[in-house]
Amino acid sequence: MRVAVPKEIKNHEYRVALTPTGTRELTARGHEVSVQASAGEGAGFSDADYEAAGARIDADVDALWQNAELILKVKEPQPDEVARLTPQHTLFTYLHLAAEESLTRGLIKSGATCIAYETLTDARGGLPLLAPMSTVAGRMAVQAGAHSLEKAQGGAGVLLPGVPGVPPATVTVIGGGVVGENAARMALGLGADVTILDKSLERLEVLDDRYQGRIKTVYSTADALDSAARESDMVIGAVLIPGAAAPKLITREMLGNMKPGSVLVDVAIDQGGCFETSKPTTHAEPTYLVEGIVHYCVANMPGAVARTSTQGLTNATLPFVLALADKGWKQALSDDPHFLPGLNVHAGQVTYQAVADAFGLDSVDPASVVR
Ligand SMILES: NC(=O)C1=CN([C@@H]2O[C@H](COP(=O)(O)OP(=O)(O)OC[C@H]3O[C@@H](n4cnc5c(N)ncnc54)[C@H](O)[C@@H]3O)[C@@H](O)[C@H]2O)C=CC1
Ligand SMILES: CC(=O)C(=O)O
Ligand SMILES: [Mg+2]
């Protein structure tokens, strides 16, 4: 199969979808891999590294896309990339379609087969291609939030661990999944007073057992969210309803009850955000203020630690990339019931129910498409 790896073009996105190690796995199986010139540079991989693994380096972006059958990316296609997609292409990347109607409509129009990392499942009920980046984003959320609490960033001037005689900051994490647990662990490690809210009692039991009371767990209700807003120095939004737009859990009205200079870190921004006043930001300008509350809403947080993130992401995607290249998308998806939910759009139709629901579109069952 002809596999192409474009250079990412989203603001401050330095990850790349395939490492030289992954390239070698593909070329050893007889696949042709074209990597856009300097695509791996931000993650510390040179063109020569890819060439040594058997890839062709292509400086001509038009030719790269035109010759490709399988396109491997990291971030959702940007408008210039959507314009390059045709029915011949299978695209494998993060899509987060429920947050972006124009992208969804663009992919429908393209006729391409679009498979999202974030909606693949595993036998334990997890999201195996979201998990590595959720781990990164959860860990980064506390770094970003701690920086945002500094006065120069508009924050209240609070140090997470406090000092002897001054109590630590209060950090609330909404959603105790992969992002949430990793954020809570980091905040705990830095000496903050940490609480996790979740709607899943089962998940709260796991966390309670794992942290033995060092992290408090609270069932997520409107009352609990009200208290979290009033009492916290930092609130981290880490909820997910797979494939769907995030619920708005902290409203604009609730900001008035928060301490001035406290910080909201909305990691769920890639699914539209879980705070009413969130809007996507970039690493170039990560924060903004609403009613004296600092908002950090970067939709590609792992891009900032591209070396670690690229390795973590490609470790998880490689088996699926190999299946797509070896068997073609139809056979690969039909052979694996956990790969199948990755299919979001095919030949002009939405194949993921929650995405169709978000925009009032019709959807078709992905199983019917691979038969
Ligand atoms: N901004 C960024 O750069 C990145 C963002 N993300 C996003 O972070 C979000 C979280 O991802 P994961 O932790 O992997 O998901 P997950 O599925 O592991 O965890 C989500 C948790 O939210 C809980 N939840 C759902 N509704 C809730 C509610 N109303 N109140 C409290 N808890 C609720 C669920 O029970 C679950 O435990 C996703 O939107 C993901 O796309 C992930 C990586 C990078
Ligand atoms: C999950 C995601 O959107 C990211 O890693 O950028
Ligand atoms: Mg996004």
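Below is a table of values for the structure above.
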quantity	calculated
Per-region count, region 208-250, residues at pLDDT 95 or above and farther than 20 Å from A98 by Cβ	28
Residues that are open to solvent by 20 Å² or more (accessible area, probe 1.4 Å) and of a type in the set (A, V, I, L, M), drawn from region 193-206	L201, V206
Flag if T90 is open to solvent by 40 Å² or more (accessible area, probe 1.4 Å) and not small (G, A, S)	no
Filter result for the condition that a residue is in contact (Cβ under 8 Å) with a residue 12 or more places away in the chain, outside any strand (DSSP E or B) and more than 18 Å from G348 (Cβ to Cβ), over T121, T86	T121
Filter pass, Q143 being within 15 Å of ligand 1 (Cβ to nearest atom) and over 30 Å from P319 (Cβ atoms)	yes
Answer from K259, K279 - the residue that is of a type in the set (D, E, K, R), open to solvent by 20 Å² or more (accessible area, probe 1.4 Å), within 15 Å of ligand 1 (Cβ to nearest atom) and not in a helix (DSSP H, G or I)	K279
Test: residue in region 97-107 that is open to solvent by less than 10 Å² (accessible area, probe 1.4 Å), modelled with pLDDT of 95 or more and closer than 22 Å to T23 by Cα	no
Count - residues of region 185-223 that are closer than 26 Å to T251 by Cβ and not aliphatic (A, V, I, L, M)	12
Contacts under 6 angstrom Cβ, first residue in region 321-344 being within 10 Å of P366 (Cα to Cα), partner assigned to a helix (DSSP H, G or I) and of a type in the set (S, T, Y), 6 or more apart	P341/T119; G342/T119
Subset of region 207-249 [of a type in the set (D, E) and open to solvent by less than 70 Å² (accessible area, probe 1.4 Å)]	D226, D233
Residue within region 47-60 that is of a type outside the set (V, I, T), within 27 Å of K330 (Cα to Cα), open to solvent by 20 Å² or more (accessible area, probe 1.4 Å) and in a helix (DSSP H, G or I) present	no
Filter pass, V179 being open to solvent by 10 Å² or more (accessible area, probe 1.4 Å) and among the hydrophobic types (A, V, I, L, M, F, W, C)	yes
Residues of region 283-302 satisfying the condition of being of a type in the set (V, I, T), surrounded by fewer than 24 Cβ atoms within 10 Å (Cβ to Cβ) and either touching a Lys or Arg at 6+ places or on another chain (Cβ under 8 Å) or within 19 Å of N182 (Cβ to Cβ) (or both)	V290
All positions within region 303-326 that are open to solvent by less than 10 Å² (accessible area, probe 1.4 Å) and either touching an Asp or Glu at 6+ places or on another chain (Cβ under 9 Å) or not polar (S, T, N, Q) (or both)	G303, A306, L313, V321, L324, A325
Filter pass, L72 being within 17 Å of the chain's Cα centre (by Cα), within 16 Å of ligand 3 (Cβ to nearest atom) and open to solvent by less than 20 Å² (accessible area, probe 1.4 Å)	no
Tally, over region 240-289, of residues that are without any contact (Cβ under 8 Å) to a residue 24 or more places away in the chain and touching a helix residue (DSSP H, G or I) at 6+ places or on another chain (Cβ under 9 Å)	3
Sole exception among (1) under 16 Å from the mean Cα position of the chain (by Cα); (2) assigned to a helix (DSSP H, G or I); (3) at pLDDT 95 or above; (4) not aliphatic (A, V, I, L, M) for E205, by number	(1)
Top-ranked residue of region 20-42 - restricted to ones that are open to solvent by less than 10 Å² (accessible area, probe 1.4 Å) and not aliphatic (A, V, I, L, M), ranked as nearest to T317 (Cα to Cα)	G22
Criterion (more than 16 Å from ligand 3 (Cβ to nearest atom), open to solvent by less than 20 Å² (accessible area, probe 1.4 Å) and of a type in the set (S, T, Y)) met by exactly one of T172, T135	T172
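The values are calculated or read from the model by the stated rules, or taken from the named source; none is laboratory data. Note that the coordinates shown come from a computational prediction; the quantities given were computed from them, not determined experimentally. Counting neighbours? That spans all protein chains shown, and the Cβs are built from the backbone with ideal geometry, glycine included. In case anyone asks, the SASA skips ligands and DNA or RNA and just uses the protein heavy atoms, side chains included. Shrake-Rupley method; radii C 1.70, N 1.55, O 1.52, S 1.80 Å.
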